[in-house]
1. Among B:103-114, B:50-61, A:377-388, how do they line up by average Cβ neighbours within 10 Å per residue, starting with the highest?
2. List the aspartates and glutamates whose alpha-carbon lies under 17 Å from that of A:Lys201, not counting same-chain residues fewer than 8 positions away?
3. Once you average over the residues of B:10-21, how many Cβ atoms of partner chains fall within 10 Å of each Cβ?
4. Note the angle between two axes, namely the Cα long axis of helix A:356-379 and the longest principal axis of the Cα atoms of chain A, as a number of degrees from 0 to 90, rounded to the nearest 10.
5. Could you name the lysines whose alpha carbon sits less than 21 Å from that of A:Lys22, not counting residues in the same chain fewer than 8 places away?
6. Give me, ordered by chain and number, the residues 5 or more places off A:Met456 or on other chains with an amide H under 5 Å from its own placed amide H.
7. Express in % the proportion of alpha carbon pairs of the protein assembly as shown at distances exceeding 39 Å.
8. Which of the helices in chain B, when you take each full DSSP H run, stretch at least 30 Å along the axis at their Cα atoms and have an average Kyte-Doolittle score of 1.6 or higher?
Amino acid sequence: MVNVAGPADKIEPSFLEVSTNKYKGILSWLLTVDHKRIGILYLFSMMTFFSVAVVFGFLIRLELIAPGRTIMGPQMYNQLFTLHGIIMIFLFIIPGLPAVFGNFFLPIMIGAKDVIFPRINLFSWYLFITGGLIAVISTMLPGGSADTGWTFYVPYSVRTTTNVIPALAAAFILGFSSILTGLNFVTTVHRMRAPGMTWFKMPLFVWGLYATAWVQILATPIIGITLALVIVERFLGVGIFDPALGGDPVLYQHLFWIYSHPAVYIMIIPAMGIVSEIIPVFARRTIFGYRFIAFSSLAIALFGSLVWAHHMFTAGMSDTAQFVFSFLTYAVSIPSAIKIFNWVSTMYKGSIQLDPPFLYVLSFIFQFSIGGFTGLMLGALSVNIHLQDTSFVVAHFHYVMFGGTGFGIFAAMHYWFPKMFGRMYNKKVATWAWAITTIGYNALYFPMFIMGYLGMPRRYYDYLPEFQPYHVASTIGSWILILGLIIMFTNLIVGMRRGKKAPANPWGGATLEWTTQSPPILENFHTIPTIEKGPYDYSQFEIPAAKEAQ
Amino acid sequence: MFRSASNFSDNVDAVFLYIAGLSLIVLIGITVTMVYFVIRYSRKRNPVPKNIEGNLTLEILWTAIPFLLFMSMFYFGWVGYKDMRAIPADAIDIRVTARMWQWSFEYPNGVKTDTLYVPVSKAVKVDLKSMDVSHAFYVPAFRIKKDVYANKNNNLWFRSDKVGRYDIACAEYCGLNHSKMYSAVQVMEQKDFDAWFAEVSKKAGVQPTLVLQLKK
């Protein structure tokens, strides 16, 4: 460990003890406008939703261990995969990195005392919670929870008798939370950077959040309008998307994916930012190709907004549209490839310490690459026709969203944990948890590629006996994965309460959050720092000696 | 390796294997390099790191080479797809109707069945229509799929050169029994097909013709 003694190590009451308001206890949290406390509010609410959705995922996998009925009926199954999707997408992975780690670290990393609109920041958490609660309540109302899949495809979603409207309303409200966070971040990055923090001295996580924030602002309103139109259609019988009323279901698909495809990039770009933060710190050298990584985030945000119809290659679009969207899909893969090559090159001639955050990053690169490569297979038109709506697609997006972003979130949790809570988790246990989750993860999702190519459609409650071996392998993988998750979270929770006190800069990071004490004080800095060095300049540190994980 | 039974299967598999093969090579390349760096430049073996800010030549190379490879993948995918869109003029025209949760097939002379019987080595065009929500007509062994809507006349075609029975699945989520919405394509020898078709036509009281009949 690197321990740079400095004024920051003089422990003062941290943000955990000092609140921004006159209240004590729970109210001091619920009414806080401190970006760090809001980040932690998001962290705990998000992790709660994540755990619930993991349980749903576990039940789905258990049902699929054998053909026919195993533990539940088809209606229950359809509702569970819908809830699993809605919660994971809207309540875990979209807010995951920006709302938790973006809120906590973006202001510190650019040398600011808070985001530019702290009250709007708190308001967006309330919108998040309101949306989440409506989603939870909708599952308990008569009629049962929605069974449409998280995509809410019309006409099924206007015909089903389940509670689709509350689920749509929840997603609508969550959209506003996302827009406000995006607005806050864009403005904060433009207006609040410390003296000397030029655009190209910004940490790459900030670049990622910045690119993401634009997508949040520009794309999210479209899903809001679309979901509102579905509500209008269901309530008032106006024909917009339902063919029985004179509407067009393909129009719905276009509008849905104009948001939901960029949303994929809302999920992945900040995770790429995390990876770009962690590799240099543990390799003790500067990042390779800083500007290429920074600009590739913007390129992904831009191109990513133009590829939505590759979710609809079997919908019967014109051949021109098929041609253009397939072409653009390949174009958007290039910036992601650039990032991967730069990350791997950053390890070249480094001095690498295999601490848990770095291990999660290695898994990220491996799994995200598989997600990317299988995306290339799906981008080819003739192959897409065969693979569309099979479990190959399910495996592909889980490799990107979970193997990529999910592991990015785990990496971020292990990297910033000592800064957020001022304590350290047990690194040996964290390393075991990493190994088990990585093995379980791949065992769970890889078989889905194979059975998908063999013709196993997605969202199937029952299946032909020939697919069973793959389903069994996948279900066993889910058990290993969950075991790993339990170890990981237990280790973190124990570390939070009883871990060793962490120094200000346990990893020897050069970004600004490591110059504050652990945990940081309210408003982060006594005096706003002036920035002279780049974010990955480790010349000020001694190189710590090789050390085993402890 | 995979069950393949239509004029498209081999091409789709070839494009897939082309992309998968290239991907596997690059994936192994990335992973081996990464693991090698992690071992070779571990804190123990390489206590003093070297700062390298970047390398323009490398950046250009790893932008240009993937771009060219991606364009080849795009091209092969497009070419294969164009074949799927080029419906032969002499194809037998069969109307497929999807409803929750079953398929039905109607031959040009009005004969209706719940399994799709087709002669071997003959082009078959299917016109897709849904009676309710959206479905998707999917024959994995043929590598073909198309969404089925109530307000849109989607179609696709295939030619199977292998006698046999192949699954038809619904690939667009359509509610409670989505996973039970299976039917089958029965590919028959020409003479078997003719005999079968003559028999069902006789039962239905119509001429056994595969040319579209004008409705009286």
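1. Ranked by mean Cβ neighbours within 10 Å, highest first: A:377-388, B:103-114, B:50-61.
2. Candidates past the 8-residue exclusion: A:Glu277, A:Glu513, A:Glu532, A:Asp537, B:Glu53.
3. Mean shielding count: 4.
4. 30 degrees
5. Straight-distance partners of A:Lys22: A:Lys36, A:Lys113.
6. A:Ser391
7. 37 percent
8. Qualifying helices: B:9-40.
Each value in this text was obtained by applying a stated rule to the coordinates, not by laboratory testing. Not measured: the values here are computed from a predicted model. Every residue, glycine as well, gets a Cβ built from its backbone with ideal geometry; the counts of neighbours run over all protein chains shown.
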